Amino acid sequence: MTQLPTRRGLLFGTAAVSAGALLAGCTSNEPKEKEQAADPQPAADDKPGKPVTIGFAGPQADHGWLAAINSNAKSRAEKYSEVTLEITEGSNDTATQIGQIETLINKKVDVLVILPADGKALTQVGLKAMRAGIPVVNLDRIFNTPQAYRCWIGGDNYGMGLNAGHYIGERLKDKQNARVIELAGLDNLELTKQRTQGFDDALKNYPNIRKVARQAAEFTVESGQAKMAQLLQAQSNFDALWNHDDDQGVGALRAIEQAGRDDFLMVGGAGALSAFQAIKQDDGVLKATVLYPPTMAASAIDLARALGQGKGVGGLAEFEIPASLTLYSAVVDKTNVDQYMSTGFE
């Protein structure tokens, strides 16, 4: 589904911690230099190391982004000859996913990577793994307590909205009485609320812009088309649209085309290949998308491998991997789309 970009600026490379040269005073007027080097801590790199079995459990891949999560995890694990990946059949049923994770715990895998269908509902099984001495890399949807994971890695939902809002704001800052609308995702999800809050906060920097409508869809092509059609019917004049999700954006673009509208700019979200291609072609309303990169699953495998091998993160002085890593929600438009094209998911 998607290839894995290089993320080694943070995760790979040989790291050594060294102390600077110390000047020591003495009885003479000429100071002597003494060098004191700290004991170097090995960092994860591409060289084969200690064998590690990583258990991976995620929800059902019923969405392009989730399918890309699985693909990224599998492909990254295959990169390392010493890594064995035990991957479960994805499920959106919490009881089923808990059972799958308990099976991995009973197999005594070295590290677990878990993207829970429901973070709150799966917190206890995360705690169970940690208490069994199996470190957990909590991917994206977060457990209720840090005690349930050793490291969390995920996207920045608030940052998505913030960067989408600033991108739109900069393009409309010279237009009087500019109007924007928002096609959100599932409103019962906290991530949707965070994306909307970030968007609203960004727009506060542009007093000439007003959000005039918001409609929640369901992260599907069908819902995107239906809800966008409603927005277009209700709003005969607006200048920009922010759509939370590129999958539902496929449907939104269908509705826009059917309505014959091209009088506004559109910003998407997540980083689908179809969105990148439309941005590059630049013959429609879609001008940018804000990333929520599924490559986080590849980085989760990197972190799990480092944990299993007792190694640190290249480029950092700390001996241990961080407790959390929040990925940046970059804006991809025509100026940089080629850089990200290979990361797009279908």
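The values are calculated or read from the model by the stated rules, or taken from the named source; none is laboratory data. Only a predicted model underlies this, so the values are computations on that prediction, with no experimental measurement involved. A quick note on method: Cβ atoms are made from the backbone with ideal geometry, for glycine too, and the neighbour counts reach across all protein chains shown. To get the accessible areas, we keep the full protein, side chains included, count just its heavy atoms, and leave off ligands, DNA and RNA. Shrake-Rupley method; radii C 1.70, N 1.55, O 1.52, S 1.80 Å.
Evaluation of ILE134 against the conditions (1) farther than 30 Å from LEU265 by Cα; (2) open to solvent by less than 30 Å² (accessible area, probe 1.4 Å); (3) in a helix (DSSP H, G or I) shows that the sole unmet condition is (3).
Of all the residues in the range 72-91, those that are over 25 Å from TYR292 (Cβ atoms), in a strand (DSSP E or B) and without any contact (Cβ under 8 Å) to a residue 60 or more places away in the chain number 2.
Return the residues of the range 294-325 that are of a type in the set (S, T, N, Q) and either open to solvent by less than 10 Å² (accessible area, probe 1.4 Å) or within 17 Å of GLY249 (Cα to Cα) (or both); say none if nothing qualifies.
THR295, SER299
Go through the range 219-245 and give me each residue that's more than 13 Å from ALA178 (Cα to Cα), out of contact with any Gly (no Cβ under 7 Å at 6 or more places or on another chain) and of a type in the set (D, E, K, R). LYS227, the sole residue that qualifies. Scanning the range 239-248 turns up no residue that is out of contact with any strand residue (DSSP E or B) (no Cβ under 6 Å at 6 or more places or on another chain) and of a type in the set (A, V, I, L, M). Each residue in the range 167-186 was checked for being open to solvent by 10 Å² or more (accessible area, probe 1.4 Å) and within 29 Å of SER299 (Cβ to Cβ), and 2 of them qualify. The residues of the range 143-153 that are surrounded by fewer than 19 Cβ atoms within 10 Å (Cβ to Cβ) and in contact with a strand residue (DSSP E or B) (Cβ under 9 Å, 6 or more places away or on another chain) amount to a single one, PRO146.
Name every residue in the range 277-293 that is modelled with pLDDT of 95 or more and either under 20 Å from the mean Cα position of the chain (by Cα) or buried (at least 17 other Cβ atoms within 10 Å of the Cβ) (or both), in order of residue number. Even if it seems obvious, please write down each step before you answer.
If we filter the range 277-293 for residues that are modelled with pLDDT of 95 or more, which is where we start, we get 277-292.
Listed by number, the residues that qualify are ALA278, ILE279, VAL285, LEU286, LYS287, ALA288, THR289, VAL290, LEU291, TYR292.
When ALA164 is tested against (1) open to solvent by 10 Å² or more (accessible area, probe 1.4 Å); (2) assigned to a helix (DSSP H, G or I), just one condition goes unmet, and that condition is (1).
What tally of residues in the range 92-104 results from selecting those that are assigned to a helix (DSSP H, G or I), of a type outside the set (Gly, Ala, Ser) and surrounded by fewer than 18 Cβ atoms within 10 Å (Cβ to Cβ)?
Restricting attention to the range 92-104, the residues satisfying the condition of being assigned to a helix (DSSP H, G or I) are 94-104.
Now drop any that are not of a type outside the set (Gly, Ala, Ser), which leaves 94, 96-98, 100-104.
Cutting the leftovers down to surrounded by fewer than 18 Cβ atoms within 10 Å (Cβ to Cβ) gives us 94, 96, 102-103.
Final tally of qualifying residues: 4.
The condition (being under 30 Å from VAL109 (Cα atoms), surrounded by 15 or more Cβ atoms within 10 Å (Cβ to Cβ) and touching a Ser or Thr at 6+ places or on another chain (Cβ under 9 Å)) is satisfied by just one residue among ASP156, ASP140: ASP156.
Within the range 339-346, one or more residues are in a helix (DSSP H, G or I), crowded, with 16+ Cβ neighbours inside 10 Å and at pLDDT below 95.
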